[in-house]
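I have placed the structure first, in the form of structure tokens, so that the comments after it can refer back to it.
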Protein chains: 4
Amino acid sequence: MHSPQIRKLIDLFSKFPTVGPRTAARFVFHLLSLSGEEVKELTSEISKLKENVKLCESCFKSFEPFSLDRHSRLCEICRDPGRKKELLCVVEKETDLIPIEKTKKYRGLYLILGGTVSALKKEGLRKLRVKELLERVKNPEIKEILLALNPTTEGEATALYLERQLKPLNKKTTRLGRGLPMGAELEYADDQTLSSALESRR
Amino acid sequence: MHSPQIRKLIDLFSKFPTVGPRTAARFVFHLLSLSGEEVKELTSEISKLKENVKLCESCFKSFEPFSLDRHSRLCEICRDPGRKKELLCVVEKETDLIPIEKTKKYRGLYLILGGTVSALKKEGLRKLRVKELLERVKNPEIKEILLALNPTTEGEATALYLERQLKPLNKKTTRLGRGLPMGAELEYADDQTLSSALESRR
Amino acid sequence: MHSPQIRKLIDLFSKFPTVGPRTAARFVFHLLSLSGEEVKELTSEISKLKENVKLCESCFKSFEPFSLDRHSRLCEICRDPGRKKELLCVVEKETDLIPIEKTKKYRGLYLILGGTVSALKKEGLRKLRVKELLERVKNPEIKEILLALNPTTEGEATALYLERQLKPLNKKTTRLGRGLPMGAELEYADDQTLSSALESRR
Amino acid sequence: MHSPQIRKLIDLFSKFPTVGPRTAARFVFHLLSLSGEEVKELTSEISKLKENVKLCESCFKSFEPFSLDRHSRLCEICRDPGRKKELLCVVEKETDLIPIEKTKKYRGLYLILGGTVSALKKEGLRKLRVKELLERVKNPEIKEILLALNPTTEGEATALYLERQLKPLNKKTTRLGRGLPMGAELEYADDQTLSSALESRR
């Protein structure tokens, strides 16, 4: 149905998260409706992205050295002297760090693991920054490691794996509290969530 | 469209929880498709319900005296000597008590409040068993009152109201733990839930 | 969890269309919250239903003889002299007849088939009023039979079956027009629907 | 929260159809995870899009001259001698043309209008190719104009507007057939759809 050039772009956009071939086609028709300058602006910003945005050497969060100190290798959180160095929060990906920051309740540091590992596919492990985590945690300043992984099967398996890896270091590891979320109804709560809510009553 | 007899029954079924006029009409046509005996069985069971099922005088849960001790005025939970008398769990309605029992993690007693009160409509208060709660809590055996209300606006307002009423009695009041439920994703968690999950990490 | 009397009623309500055990339990607790008079009203109306409501001998729609002529064996539609006798609309069930009447575009008569037959389970056939349909259609006044069955796999199989049965009678059979419904979007229309919409353009 | 470079790209992606700021952020993090070559491939394909893909001068569909005849100003459909020149199908946008082609039931030509006009905001009119439509329809070969707009409020208003504009030309205008779509249930069909289905029975 589509011409080769359009098909090629549909393929590339289909690799974007949440995008299927139908939405990808809509993206291409959207691009066709843009002016030449608008297309140029988009491609130029995409090209500049990898130049301007670096990954922090300590926590692996993206940051823009240019907007801080040109030669900085650390992000704005890791450079912030107000942050508590004794608390390290391990998250799966950068989009998990954002809502934690938004709560303004967390003042420790981070490490972005880069993924989770399913209980079955152990190869996923290689992509995770487990070595980097173990290296960083050696720092005696770190007293507690909060494994802030999703309370899903994969997140649980990953937390369990990390706990085992961290055990020899003899540091306190914690996880996010389980319980009823805002707006929940007891009547429809699952067994495990309600059990956690009963145990952590306060 | 419908004849008077059918309309009358549609009206009655429309008062059932979750039932609108369309579903009510389907119920009536379902009844019409039943045999005479099936209809008789249904009406007979409905009639026997209020005769056979009583409300427990202590916790207001429904129970069948016939299946316990014919003259019992207490339900099977309140009669159970294995239950911890120092812990009282206040729930909105009987359907909220069921999932708590299913967890098998709670071994205290209950009181069914009979509803919640919205912050705005204070008249709702009269229907709640607040007086019964205050009376029961005077029992020195009770050390902790767990206000197991839904973490919704109405549930919160009700818990707040009960806390104020219970204050003069100087007993410990608790609430269900807040946090991430099973299967949640940090990325989509609301601010309050995530704040609670951070605070109650363990 | 539930007592025998409550369990019994949950079982009976679970047979109602769209009702699962959870909703059935909510129905029972609703009944428990009603006054004695309210329960009596409900059971009395259910009992009177089968006495007061009859099935029309011609179209099998439910009707109340009492509200028409005490001894009538025909419903208000079949008795209406303004109805066109040359057009007979076959529907699956009474709840399908209602929306057709609401359009006020149809002025013919009806026959309620009493179900559909899946392509696989041929036993379903016995419950359908196929014999009654063939008998009624012999009436020379009837010129067209509109098979108003759902455009679903089961509805299609039933229409096909009826067409074959009606063939020897040499009468015109029609079906409801296919096409795009109100509010549809071409982009998401399925192939068959769009093909019909193209063919029936006007 | 986000750095300026990331914010800039989130803004640009948020203009894509169906994309909100949250999905746009996920797109940016996806780009950050790509290799330099993968980013280059994407920007290069986006840049080539407007060079390689042209709009057909007759129907305004996108096409790639390179894959047909280098200097062609007409798309593959308009160039196809097998297409019926007496039938012109007017669609809102290219993504509406695709499912019509997929049915393989339509063999006429097209004109992409470029949008719809809401009944309220008449300014939208200027963007539509109404002048181009009126010009093209003057061709005596065209006998029927099928206004294949969505059966939505906006689509209806646009079809009505076009019918009025086309009236002086005295050509047959048609619309897509309305009716029940595949899988619909009579019980839940809206009044207008069911009325159309009754009228267009066949």
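Would you work out if the stretch C:120-202 is rounded, prolate or oblate? Take a ≥ b ≥ c from the square roots of the eigenvalues of the alpha-carbon gyration tensor; rounded if a/c is under 1.5, else prolate when a/b is larger than b/c, oblate otherwise.
oblate
What are the aspartates and glutamates whose alpha-carbon lies under 19 Å from the alpha-carbon of C:Lys84, with same-chain residues fewer than 8 places away excluded?
Straight-distance partners of C:Lys84: C:Glu57, C:Glu76, C:Glu101, C:Glu135, C:Glu141, C:Glu144, D:Glu199.
Per residue of C:47-53, what is the mean number of Cβ atoms on other protein chains within 10 angstrom of that residue's Cβ?
6
Count, for each residue of B:103-112, the Cβ atoms from other chains sitting within 10 Å of its Cβ, then give me the mean as a whole number.
That average works out to 3.
Just for the stretch D:49-188, what percent of DSSP beta bridges are antiparallel, to the closest 5?
Rounded to the nearest five, the antiparallel share is 15 percent.
Taking beta carbons within 10 Å but only from partner chains, what does the mean come to for residues D:134-142?
0
Report the one residue of B:Thr23, B:Thr193, B:Gly114 whose Cα lies farthest in the direction of the positive end of the charge dipole of chain B (charges on C-beta: Lys and Arg +1, Asp and Glu -1; origin at the Cα centre).
B:Gly114
Residue by residue through the stretch A:107-117, which ³J(HN,Hα) values in whole Hz follow from phi under the Karplus form 6.51 cos²θ - 1.76 cosθ + 1.60 (θ = phi - 60°), with glycine and proline marked x?
Couplings: 10, x, 9, 10, 9, 8, 6, x, x, 10, 10 Hz.
Please get the size of the charge dipole for the protein assembly as shown, origin at its Cα centre, with Cβ charges of +1 on Lys and Arg and -1 on Asp and Glu, quoted in debye to the nearest 20.
Computed charge dipole of the protein assembly as shown: roughly 20 debye.
Tilt of helix D:36-52 relative to the longest C-alpha principal axis of chain D, in degrees (0 to 90, nearest 10)?
With both axes taken from Cα atoms, the answer is about 30 degrees.
Label point 7 Å out from D:His30 along Cα-to-Cβ: which residues of the stretch D:1-23 have amide N under 20 Å?
D:2-3, D:5-23
Rg (Å, one decimal) plus Dmax (Å, integer) for the alpha carbons of the stretch A:36-76?
Computed over the Cα atoms of the stretch A:36-76, radius of gyration and Dmax are 12.5, 40 Å.
At most 16 other Cβ atoms within 10 Å and a DSSP loop assignment: could you name the GluC sites (Glu not before Pro) in the stretch D:24-110 that fit?
Here the sparse-neighbourhood loop sites are D:Glu57, D:Glu86.
Using alpha carbons only, how many degrees (0 to 90, rounded to 10) separate the axis of helix C:94-103 from the longest principal axis of chain C?
Approximately 60 degrees, to the nearest ten.
List B:Leu49, B:Leu113 from most exposed to least, where exposure is judged by having the fewest other Cβ atoms within 10 Å.
B:Leu49, B:Leu113
I'd like the Karplus ³J(HN,Hα) series for the stretch B:186-202: coefficients 6.51, -1.76, 1.60, θ = phi - 60°, whole numbers in Hz, and an x wherever there's a Gly or Pro.
3, 4, 10, 6, 7, 3, 5, 4, 5, 4, 4, 5, 5, 5, 9, 5, 6
One quarter of the convex hull surface, Cα atoms only: what value does that give for chain C in nm²?
In nm², the orientation-averaged hull projection of chain C is 17.0.
What does the C-alpha gyration tensor say about the overall shape of the stretch A:4-51? Classify as rounded when a/c is under 1.5, otherwise prolate if a/b is larger than b/c, or oblate.
Oblate, because a/c is 1.5 or more while a/b does not exceed b/c.
Residues with amide H under 5 Å of C:Ser62's amide H, sequence separation 5 or more or different chain, H placed in the peptide plane at 1.01 Å from N; which?
Answer set, sorted by chain and number: C:Cys56.
Treat every Asp and Glu Cβ in chain C as -1 and every Lys and Arg Cβ as +1, leave all other atoms uncharged, and give the resulting dipole magnitude about the Cα centre to the nearest 20 debye.
Its charge dipole is roughly 660 debye.
Convex hull volume of the Cα atoms in the stretch C:81-175, per residue, in Å³?
94
Between helix B:153-166 and chain B, what is the angle of the helix's C-alpha long axis to the longest principal axis, kept within 0 to 90° and rounded to the nearest 10?
60
Which distances, in nm and shortest first, link the C:Leu55 label point to the same label point in every other copy, taking 7 Å along Cα→Cβ?
Spacings between copies for this position, smallest first, are 4.3, 6.2, 7.1 nm.
Could you pull out the pairs from A:Lys85/A:Lys105; B:Lys15/B:Lys131; D:Lys8/D:Lys61; D:Lys105/D:Lys171 whose alpha carbons sit more than 25 Å apart here?
Exceeds cut-off: B:Lys15/B:Lys131; D:Lys8/D:Lys61.
Could you work out how far the C-alpha centroid of the stretch D:12-60 sits from that of the stretch C:76-90, in angstrom?
For the stretch D:12-60 versus the stretch C:76-90, the Cα centre distance is 61 Å.
For a test of the definition: using alpha carbon positions, the gyration tensor, and the 1.5 limit on a/c, classify the stretch D:1-111 as rounded, prolate or oblate.
Because a/c hits 1.5 or more and a/b exceeds b/c, the stretch D:1-111 counts as prolate.
Taking the Cα atoms of the protein assembly as shown, what is the range of coordinates along each of the three principal axes, in descending order and whole Å?
Dimensions of the protein assembly as shown along the principal axes of its Cα atoms: 88, 85, 47 Å.
Every read-out reported here was derived from the displayed coordinates using simple, explicitly stated rules and does not represent laboratory data. As the structure is a computational prediction, the values presented were derived from the model and not from experiment. Note: ideal-geometry Cβ built from the backbone for every residue, glycine included; neighbour counts use all protein chains shown.
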